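Only one structure is covered here, and it is reproduced in the block below.
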Amino acid sequence: MDFFGGGSGKKQKVHLCQWDLVCRPKCRGGLGFKKTVDMNRALLAKIGWRMHTHDQGLWAQIYEKKYLKDCSILDTPGVSKQDCSATWRSVLYGVELLRKGMVWRVGNGDKVNFWKDHWVADLPLLHYAGVQSGIALDCKVSNFFKKGWWDVEKLITVLDEDMVQKITCFPVGFVGNSQDAQIWRPTSNGIFIVKYAFQLIHGGSNWSDACWKGLWSMSLPPKLKVFLWLVFQGKILTNEQRVRRHLAVESSCSVCGWHSENITHTLRDCGRAKEVWLTVLPPTKWEWRSPWNIMFVFTCWYVWKWRNQYIFNDAEDLSCDPRKIAVFDWVKGSSVNCRNVPRTQVMLRWEPLGSGWVKLNVDGTCMNASRKIGASGVIKDCFGEWCGGFAMNLGKGHILDAEIWGLFFGLRLAVAKGFTKILIEMDSQIAMNLFQQRDSLCFHPLAALLSNYMGRCLDILRVGISSIFLERRMVWRIALPNGAII
Ligand SMILES: [Zn+2]
């Protein structure tokens, strides 16, 4: 800490913040330093994950035979201290953390408790709905299936509509659907990552804080990012802060005499700070192309440096206009890369298909505010003639859910119409990659949809897949009759 705070054995400097704050992950408001004790726990959780995924190592096989005896490590029976080695106790310590990040991916729904297990939301459903008396709390998720799909009428009797819409996005009830499985919730592919286990030690269900993420992703020199971080944390040494730390007796502003010099006063309200801001902010409208957030941070930094120069080095005047300092060079430098990106013009037109082939265009949509998702698609033959289409409301979920569901319904429509040679076009690179890797997605939340039904479709189909440009996608969106299921 002395090293980080700039102090040495002979000269101690003020520690601006606590070590615990420095050691929080960046997305939780810290600087991302890692405490070895926390890192050790996250790594032990990884050992637990490897056992959960049946690692083939000799060590895993020995522990499995000795302690698990065909049980899942996540359901580890209580082991008294006398009954196991210190190593196994450490593994169990890591498994406690692992369990916090696990969630059920529903397959056939026989193992997952509908109310008590963690599967659809951040907490078990028991925490959400006002569960009425007389409801069986031991029922399984499969009790809410009906004829290969969700029993929506039954769901509505026990949960509110918002939760029902989330639930109906889950692909369940298909013939041959996979077993229920526990996957790692913080990652999109369901596979354990130590970094997220480490974050889990420091946080609840809120995985990222957009404000902190925004700060660390700005195109700024590191020292300015750390300065802004200190400002956000209220840690820069204004006179108010110095009095609080018993470094001064007067909290008034040394520049203008205002009774209390806090961060807002120093950087915004003090007379000299106002002068600087007036030179930066034109009275009518913002005239520069430079990003405002970068200009904002540079100006705060400039005001702070000037304040320190004035107080400690008797520098009277503002040395120069902040617009002329590094900010312009910085903005110019950071925009060079953008200009160097080569652009090529592509002519878009209908590409004729081979004889007997049809083209399936699918797309998913997600409304930002309500998280409602939908999917639509069209099938055209090798002459560009309409063969069929669909538009579906899918409840509430993520855009990737919508894209995969779109692919699913498109393929199902194609099979129903008897087509066997299909070229799929869609704009989601992630969905296309998942579709192509469908056989290796053991832990992906949508693996059931991708590998089971679609996999079986592909046994009887010849399928090609390619990305589509936005401009071309607009054409078939317009061609689709409004809201129709065809
Ligand atoms: Zn002042």
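Each reported figure results from applying straightforward, stated rules to the coordinates on display, with no laboratory input. As the structure is a prediction and not an experimental result, all values here were calculated from the model. In this analysis, Cβ positions are derived from the backbone assuming ideal geometry, glycine residues included, and neighbour counts consider all displayed protein chains.
Between D20 and E161, the C-beta separation translates, for a Förster distance of 35 Å, into a calculated FRET efficiency of about 0.25. Rg over Rh for the stretch 51-113 works out to 0.99, both radii taken from alpha-carbon positions and Rh defined as the Kirkwood radius. Rounded to 0.05, the FRET efficiency of the R242 and F33 pair, given R0 = 30 Å and the Cβ-Cβ distance, is 0.75. Can you list the lysines whose alpha carbon is less than 21 Å from that of K274, not counting same-chain residues fewer than 8 positions off? Straight-distance partners of K274: K285, K305, K324. Extension gain, K195-Q436: 0.36 nm per intervening residue step, less the Cα-Cα distance, totals 84.1 nm. Annotation: peptides 366-372, 378-384, ranked by per-residue average of other Cβ atoms within 10 Å with the highest first, follow the order 378-384, 366-372.
Peptides 263-270, 32-39, 120-127 ranked from most to least packed by the mean count of surrounding Cβ atoms within 10 Å: 263-270, 120-127, 32-39.
Annotation for K111 and T53: the two label points, set 7 Å from Cα along the Cα-Cβ direction, are 1.6 nm apart. If you plug the beta carbon distance of F383 and K213 into 1/(1 + (r/R0)^6) with R0 = 41 Å, you get a FRET efficiency near 0.25. Working note: Cα gyration tensor of the stretch 12-63, eigenvalues times five, square-rooted, sorted largest first, giving semi-axes of 36, 11, 6 Å. Neighbour counts of C-beta atoms inside 10 Å place W258, W301 in the sequence W258, W301, starting with the fewest. Ranked by the mean number of other Cβ atoms within 10 Å of their residues, highest first, the peptides 97-107, 236-246, 63-73, 422-432 come out as 97-107, 422-432, 236-246, 63-73.
Taking 7 Å steps out from each Cα toward its Cβ at D138 and Q429 produces label points 5.1 nm apart. With neighbours defined as other Cβ atoms within 10 Å of a residue's Cβ, the residues W19, W304 order from fewest to most as W19, W304. Plainly put, the stretch 106-180 has a radius of gyration that is 0.92 times its Kirkwood radius, both from alpha-carbon atoms, as the Rg/Rh ratio. Counting 0.36 nm for each residue step from Q233 to C71 and taking away their Cα separation leaves a gain of 53.7 nm. The slack between E250 and F312, meaning 0.36 nm per residue of separation minus the straight C-alpha distance, is 20.8 nm.
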